[in-house]
Structure formats: C-alpha cells, structure tokens
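First the structure, in the form of structure tokens, and then the observations on it.
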There are 2 protein chains.
Amino acid sequence: MTFMEQRLSIITLAVKNLEVAASFYKDKFGWNPQPIDSDDIYFFHLNGLLLGLYPLDKTIEDATVTISGGEYHPFTLAYNTRSETEVDEIFTEMKAKGVKIIKEPEKVFWGGYSGYIADPDGNLWEIAYNPFMKMDDRGNVIS
Amino acid sequence: MTFMEQRLSIITLAVKNLEVAASFYKDKFGWNPQPIDSDDIYFFHLNGLLLGLYPLDKTIEDATVTISGGEYHPFTLAYNTRSETEVDEIFTEMKAKGVKIIKEPEKVFWGGYSGYIADPDGNLWEIAYNPFMKMDDRGNVIS
C-alpha cells in the first residue's frame, strides 16, 4: 500500500517580518503572490506546490514547538491529503513506525485538519487536509 | 522581462546523519530515492521537484556559510536554470537589486555552475545550472 504519495504540497518559510520577506520575493524575484483573504500569510504558486511565507511566532504557535535554538528549523514542509481520514491514517502509520509526533491532528482555525511530525533532524512536516486546496489527479497543487 | 520563472527545482535538507535521514524517508514515508552514482547525496523525485538529503558539513562547505547559530538555516532551495549564462544574468539582476550574495557562481565539483544568495531571513537559494538535470518546458524536474 502506498500510503504517502511521493510529493510535496507546500514549503512554508517562517519569517521574522512578513512584509519584508514578501517584498523580497515580489520585488527581487519578480514573483506574484496568490490573491488571498488574509494579512498573515503569503502563498506563491510554483510548479505544483506552494511557497508560503508565515510569521515565525505564528509558526511556533501552530506547530507547538520552539523553533529557535537549533532543535527545529524555521520552515515547514506540508503533505496535503484528499480527506481528513487520510490524515488520521498517516498518523496511525507513523506512530506504528515510531515516528516522532509533534502535534496530533486537530481541526485548525483556517478550516482544515492538521498535525505535525518531525524527521530525525527536526524538520517539521505538517500532514494536513485543506478543503480549499485544489489538487490535480497526481497531487500537484493547482491553486 | 521575467528573469526568474515562478518555480522551485530542489529543496535540500542539510542533515546530521545521511543514512539516518535517508532511512526515515525510505522506511517511514515509503519513498524511493533516485538511483544515483554518489554516496554523499540522496534525491527523491517529487511532483516536478526533487527532495535532496545532503550532509550538514558538506552543505556548509558548499554554501560557504556557517549554518548553525541561527543566521542561516539547515536547508537550501534551488532554482535551476537552462544555461550557465542564465545563472550569470540572475546574479547580475540580484546584485542590481541589492540582494545579499553569499557565493558568486562558479564551476562546481559535480559538473555544474552554481552560486548562492540569501533572502532577508537567511534562507539560502542556490541558483544553478546542472547539465544533467532534465526539465520539461514548464521547468518541472523530470529526473
């Protein structure tokens, strides 16, 4: 059974100053953010995945871990599923395999269902269902 | 002029122990690395981009910056071009825009041509031409 397809949905950089970071990608790279109904996050639609910019303090709050100090790092990788059930299935599998669980999946404020695990180097992976994210059959993020 | 397309080629995690990290993605995620003629790096082919695993000490050597301590972070994002000239053009543009140059482009040991810049949060971007990387018309990494 392939329970996790070999793909990435989002890489989110946890930034000190959101507007400074956003200006860098807009002005220096010349990239266009997605129109979005939030002042707290930026998403740039790349090739089948999103580059997100999110304030460091809010990332810490969301992932429930201290990020400064070296144990965890100021970015998160996201694997988005097609249902809430799939999130639970992945957590069940990860626990059975002894993976470090950072935050159990739960309903989150932006309308999704999400939890966090960590790899051996402290890289944070969010496993999430986002009802607003559109993906194609292969799991590429459309918008 | 669009000098940088809105896409990502590689995210490489700078890991403390390469085999431990590789086992995590192989055994826990169930992902298959690309067959590759090197013991120093792993690449997993995702949706149009690669997830790389590379030892932290070698990442520091390649990027020429100290990564521990918080100024820079233990991962690199790579934007791959279709020629060496394109790498130089991007560096010229970045310098004109006042972007922090970490390492000027140069021929590198793996056969490519590459340099590094940093965003305002110290996230390292490698701008590289890799003659061995296959991309489709839209810049998705094929292999």
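The table below gives the values:
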read-out: Order of A:D119, B:D137, A:D57 - criterion: other Cβ atoms within 10 Å of each residue's Cβ, fewest first; value: B:D137, A:D57, A:D119
read-out: Gyration tensor verdict on chain A (Cα atoms; rounded if a/c is under 1.5, prolate if a/b is larger than b/c, oblate otherwise); value: oblate
read-out: Relative contact order for chain A, counting Cα pairs under 8 Å that sit 6 or more residues apart, in percent; value: 25 percent
read-out: Shortest-first nm distances, A:E84 label point to equivalent points in other copies (7 Å, Cα→Cβ); value: 5.6
read-out: Acute angle (nearest 10 degrees) that the helix B:84-96 long axis makes with the longest principal axis of chain B, alpha-carbon atoms; value: 60 degrees
read-out: Along chain B, longest interval not containing exposed chymotrypsin sites (Phe, Trp or Tyr not before Pro), exposed being DSSP loop plus at most 15 other Cβ atoms within 10 Å; value: B:4-108
read-out: Listed pairs A:K28/B:K103; A:K97/B:K103; A:K16/A:K107; A:K26/A:K103; A:K107/B:K134; A:K134/B:K100 exceeding 29 Å between Cα atoms; value: A:K97/B:K103; A:K26/A:K103; A:K107/B:K134; A:K134/B:K100
read-out: Nitroxide proxy distance, nm - points 7 Å out along Cα→Cβ at B:T92 and A:K16; value: 3.2 nm
read-out: Nitroxide proxy distance, nm - points 7 Å out along Cα→Cβ at B:W110 and B:V65; value: 1.8 nm
read-out: Prolate/oblate/rounded label for the stretch B:1-68 (Cα gyration tensor, a/c 1.5); value: oblate
read-out: Label-reachable residues, the stretch A:110-130, where backbone N falls under 13 Å from a point 7 Å from A:D40's Cα toward its Cβ; value: A:110-112
read-out: Positive-end residue of A:A96, A:L46, A:T81, charge dipole of chain A with Cβ unit charges; value: A:L46
read-out: Calculated label separations, B:D39, copies of the chain, 7 Å along the beta-carbon direction, nm; value: 5.6
read-out: Cβ-placed point charges (K, R +1; D, E -1), dipole of chain B about Cα centre in debye, nearest 20; value: 300 debye
read-out: Per-residue [θ]222 nm for the protein assembly as shown (sum of -39500 (n - 2.57) over DSSP H runs n ≥ 4, rounded to 500); value: -5500 deg cm²/dmol
read-out: Residue order, fewest to most surrounding Cβ atoms within 10 angstrom, among A:S83, A:S9; value: A:S83, A:S9
read-out: Cα-Cα pairs of the protein assembly as shown separated by more than 24 Å (percent); value: 48 percent
read-out: Gaussian network model of chain B, Cα within-10 Å springs - most flexible of B:T59, B:T81, B:T92; value: B:T92
read-out: For A:E61, label point 7 Å along C-beta direction: distances to other copies, nm; value: 4.3
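All of the numbers you see were taken from the coordinates with simple rules; none came from a lab. Nothing here was measured: the structure is a model prediction, and the numbers come from that model. Positions of Cβ are generated from backbone atoms using ideal geometry, with glycine treated the same way; all protein chains shown enter the neighbour counts.
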